[in-house]
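Trainee: Sharing a structure below in structure tokens format, with a few things to ask.
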Amino acid sequence: MKTRLFCLFLMFLGKMAVAQDPVRLSLPEVVERARSQSIAARQATTTRETRYWEYRTYLSNYKPQLMLNGNLPAFTRSFTQVQQPDGTILFQPVRNNNSSLSLSLSQSIPGTGGTLYATSALQRFDDFDRKNTLYSGTPVAIGYTQPLFQFNALRWDRRIEPLKYRESQQAYKESLEQIAVRANTLYFELLLAQVNLQIAETNLKNTGNILRIAEEKYTLGKTTRNEILQIQLEQLKARKAVGTARRDVEVSSLSLKAYTGLPAADRIELLLPPAISRIAIDSAVAIRESFENRSDAIGFRRRMEEAERAVAKARGDNSLNALMTATLGFSNRGATVPDLYRRPQDQQTLQIEFGIPVLDWGRSKSRLKTAQVNRQLAEYTVEQDRQTFRQEVHTQVTLFEMLRDQLSLTSQADTIASEKYQIAQERYILGKLTITELSIAFAEKDQAKRDYVYALRDLWGAHYQLRALTLYDFENQRKIP
């Protein structure tokens with residue numbers, strides 16, 4: 001029985017050990033998790049879906065529309081005034097039902113802004129007081145309405161809405177790349193905290209070893225009490241640094257987990273990313289890809305089209321506004337529904353409604369001039385934004401190249417500082433170096449390691465930012481799908 005309990009206890013400890021093993025993650029893995037699992041990614045996906053259904057709504061405006069309209073029932077019971085032959089008014093009781101039903105099919109014509117339609121209608125009138133029922137209807141009618149000299153919204157929507165949809169698709173890709181930028185920042189915050197913890201723990205261990213050596217030297221009379229106190233002070237600083245680093249690791253870990261959707265219970269251990277050295281970036285290629293891929297580049301054209309649309313609308317609203325309606329069909333009346341389809345009468349309608357501004361005290365002219373000035377302002381603004389856009393990409397390419405060179409220098413400095421510290425340790429043990437000089441080598445080693453991580457962070461951040469600015473994968477030489 002005791003043996004069995006002991007085995008169960010060992011199995012429990014084994015499971016606990018497995019559960020406590022850290023999850024080792026690389027930068028690409030964290031970025032991919034953020035792109036697929038983060039709340040920001042879900043928000044970007046939802047926004048993209050919203051734009052998609054808005055685009056589907058726009059497309060439906062150019063499809064045939066089938067509509068069933070009715071007024072069932074339409075019962076009335078009241079008193080209504082009836083003028084008598086002698087001119088007097090009497091209020092007579094009325095009880096009737098006047099129901100109607102119509103089915104219509106319409107098709108918009110984008111080129112002209114008109115609407116072609118076909119309709120069939122049926123109306124029933126029941127007079128309950130006189131016990132009389134009448135039917136009236138239009139078996140079939142075909143008509144066409146055409147605005148004359150007016151703003152054609154359908155034609156302008158056909159020019160602008162596809163641009164808005166393409167802009168939203170590219171904006172979604174940019175959102176994912178910006179998520180990568182943010183994930184990169186959080187990754188290196190945790191990585192730097194972990195590196196600081198490693199440095200602090202190593203320093204604490206090394207300080208303890210140095211303190212033991214110094215105490216032996218002090219026993220032999222080869223060092224001073226002041227030097228012992230200095231090392232003890234360094235040890236206290238190292239312990240404090242360990243506590244601070246552990247706190248920073250915990251805070252940074254929670255931030256990364258919350259953003260990327262990683263389980264809160266997992267203990268994360270991040271891998272040091274490699275240096276980016278083989279990616280060749282041409283500024284001209286980056287600028288060209290930005291203007292081909294970015295949502296802002298599509299937005300430049302969309303904003304100019306919207307300014308032109310505003311001018312066209314102001315011009316159309318200020319001139320002669322007329323609406324022509326033409327209908328050709330059949331209608332009839334009868335005591336029953338079949339009577340409506342026996343020798344129906346021809347029905348024709350031709351109507352032109354118009355409105356001409358005669359005196360508006362300059363309102364029409366002011367609206368047109370306002371739209372034209374806004375169009376001119378849009379031209380200047382878009383041109384300025386184009387230049388800023390181009391300069392931003394060029395600056396990012398230059399920054400990336402500078403940071404790559406900087407990383408090479410910090411890598412060399414890290415190697416040199418580590419070697420220098422090893423030599424300083426050996427010389428201190430041999431009594432050829434003071435504790436102050438050893439502390440300086442100590443600090444230089446730590447700072448060089450941190451500087452290398454900072455340089456890696458800046459270079460990878462510039463890499464992901466450049467992807468977001470161009471929507472181009474320079475590593476694989478292809479557009480970001």
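The values are calculated or read from the model by the stated rules, or taken from the named source; none is laboratory data. These numbers were taken from a predicted model, which means no experiment stands behind them. Note: ideal-geometry Cβ built from the backbone for every residue, glycine included; neighbour counts use all protein chains shown. Remember, those area values only see protein heavy atoms, side chains included, never the ligands or the DNA or RNA. Shrake-Rupley method; radii C 1.70, N 1.55, O 1.52, S 1.80 Å.
Trainee: Going by a ≥ b ≥ c, the root eigenvalues of the Cα gyration tensor, does segment 225-294 fall in the rounded group (a/c under 1.5), the prolate group (a/b larger than b/c) or the oblate group? List each step's numbers first, then the result.
Mentor: Details: a/c = 4.20, a/b = 1.93, b/c = 2.17.
It comes out oblate by the Cα gyration axes.
Trainee: Turning to a different aspect of this structure: Could you size up the charge dipole of the chain around its Cα centre, putting +1 on the beta carbon of Lys and Arg and -1 on that of Asp and Glu, and report it in debye to the nearest 20? Walk me through the intermediate numbers first.
Mentor: Values: 65 positive and 52 negative charges, 175 e Å.
Its charge dipole is roughly 840 debye.
Trainee: Round to the nearest 10 and give me the degree value, 0 to 90, for the angle of helix 2-20's Cα axis relative to the longest principal axis of the chain.
Mentor: 70 degrees
Trainee: Give me, ordered by chain and number, the residues 5 or more places off residue 148 or on other chains with an amide H under 5 Å from its own placed amide H.
Mentor: HN-HN under 5 Å from residue 148: 322, 323, 324.
Trainee: Multiplying the sequence separation of residue 323 and residue 347 by 0.36 nm and subtracting their Cα-Cα distance, what value in nm do you get? Write down the numbers at each step before the final one.
Mentor: Values: separation 24, 0.36 × 24 = 8.64 nm, distance 1.98 nm.
Stretched out fully, the residue 323 to residue 347 stretch lengthens by 6.7 nm.
Trainee: Now for a different question. Given the whole protein assembly as supplied and a 1.4 Å probe, what does the accessible area of residue 320 come to in Å², nearest 10?
Mentor: 60 Å²
Trainee: Of all DSSP beta bridges located in the chain, what percent are antiparallel, nearest 5?
Mentor: On the way: 67 of 70 bridges.
So the antiparallel bridges in the chain amount to around 95 percent.
Trainee: Now for a separate question. Using 28 Å as the Cα-Cα cut-off, could you pick out the over-long pairs in 313/479; 63/313; 217/237; 63/365? Don't jump to the answer; show the numbers that get you there.
Mentor: Numbers: 313/479 38 Å; 63/313 24 Å; 217/237 22 Å; 63/365 36 Å.
In this structure, 313/479; 63/365 lie more than 28 Å apart at Cα.
Trainee: A follow-up question, please. Could you go through segment 232-244 in sequence order and give the Karplus-derived ³J(HN,Hα) for each residue, using 6.51 cos²θ - 1.76 cosθ + 1.60 with θ = phi - 60°, rounded to whole Hz, and x for Gly and Pro?
Mentor: 4, 5, 5, 5, 4, 4, 5, 5, 4, 5, 5, x, 5
Trainee: Please determine, in degrees from 0 to 90 and to the nearest 10, the orientation of helix 363-429 with respect to the longest principal axis defined by the Cα atoms of the chain, where the helix direction is its Cα long axis.
Mentor: Orientation of helix 363-429: about 20 degrees from the principal axis.
Trainee: Nearest 500 deg cm²/dmol is fine: what mean residue ellipticity at 222 nm does the chain get from its DSSP H runs of n ≥ 4 alone, each adding -39,500 (n - 2.57), divided by its residue count? Working shown, then result.
Mentor: On the way: 9 runs with 293 residues, N = 481.
Using -39500 (n - 2.57) per qualifying helix, the result is -22000 deg cm²/dmol.
Trainee: Lys/Arg Cβ at +1, Asp/Glu Cβ at -1, dipole of the chain taken about the Cα centre: which of 331, 253, 371 is farthest positive-ward?
Mentor: 331
Trainee: Please give the length that would be gained between residue 251 and residue 236 if that part of the chain were fully extended, namely 0.36 nm times their separation in residues minus their C-alpha to C-alpha distance (nm, one decimal).
Mentor: Details: separation 15, 0.36 × 15 = 5.40 nm, distance 2.31 nm.
Residue separation times 0.36 nm, minus the Cα-Cα distance, leaves 3.1 nm.
Trainee: Where does helix 153-219 land angle-wise versus the long Cα axis of the chain, in degrees 0 to 90, nearest 10?
Mentor: Compared with the principal axis, the helix lies near 20 degrees.
Trainee: Give me a comma-separated list of calculated 3J(HN,Hα) values for segment 61-78, in order, Karplus coefficients 6.51, -1.76, 1.60 applied at θ = phi - 60°, integers in Hz, x for any Gly or Pro.
Mentor: Listing the rounded values in order: 5, 9, 9, x, 10, 10, 10, 10, 10, x, 9, 10, x, 9, 7, 10, 9, 6 Hz.
Trainee: While we're looking at this one, here's another question. Could you tell me which of rounded, prolate or oblate describes the chain, using a ≥ b ≥ c as the square roots of the eigenvalues of the alpha-carbon gyration tensor, with rounded for a/c under 1.5 and, failing that, prolate when a/b is larger than b/c and oblate otherwise?
Mentor: On the way: a/c = 4.16, a/b = 2.53, b/c = 1.64.
It comes out prolate by the Cα gyration axes.
Trainee: Please give the net charge around residue 471, taking every other residue with its beta carbon less than 11 angstrom from that of residue 471, where Lys and Arg add +1 and Asp and Glu add -1. Before the final figure, lay out the partial values.
Mentor: Numbers: positive: 173, 294, 467, 478, 479; negative: 174, 177, 289, 292, 296, 473.
Its environment carries a net charge of -1.
Trainee: Tell me, what is the FRET efficiency for residue 473 and residue 155 to the nearest 0.05, using R0 = 51 angstrom and their Cβ-Cβ distance as r?
Mentor: Working: r = 38 Å, r/R0 = 0.74.
Plugging the Cβ-Cβ distance into 1/(1 + (r/R0)^6) gives 0.85.
Trainee: Now for a separate question. Rounded, prolate or oblate: which fits segment 269-393, taking a ≥ b ≥ c as square roots of the Cα gyration tensor eigenvalues, rounded meaning a/c under 1.5, else prolate when a/b beats b/c? Walk me through the intermediate numbers first.
Mentor: Working: a/c = 5.39, a/b = 2.01, b/c = 2.68.
Oblate, since a/c reaches 1.5 and b/c is not below a/b.
Trainee: What aspartates and glutamates does residue 369 reach when the alpha-carbon gap must be under 19 Å and sequence neighbours fewer than 8 apart in one chain are set aside?
Mentor: Answer for residue 369, where 19 Å is the Cα cut-off: 305, 306, 308, 317, 360, 379, listed by chain and number.
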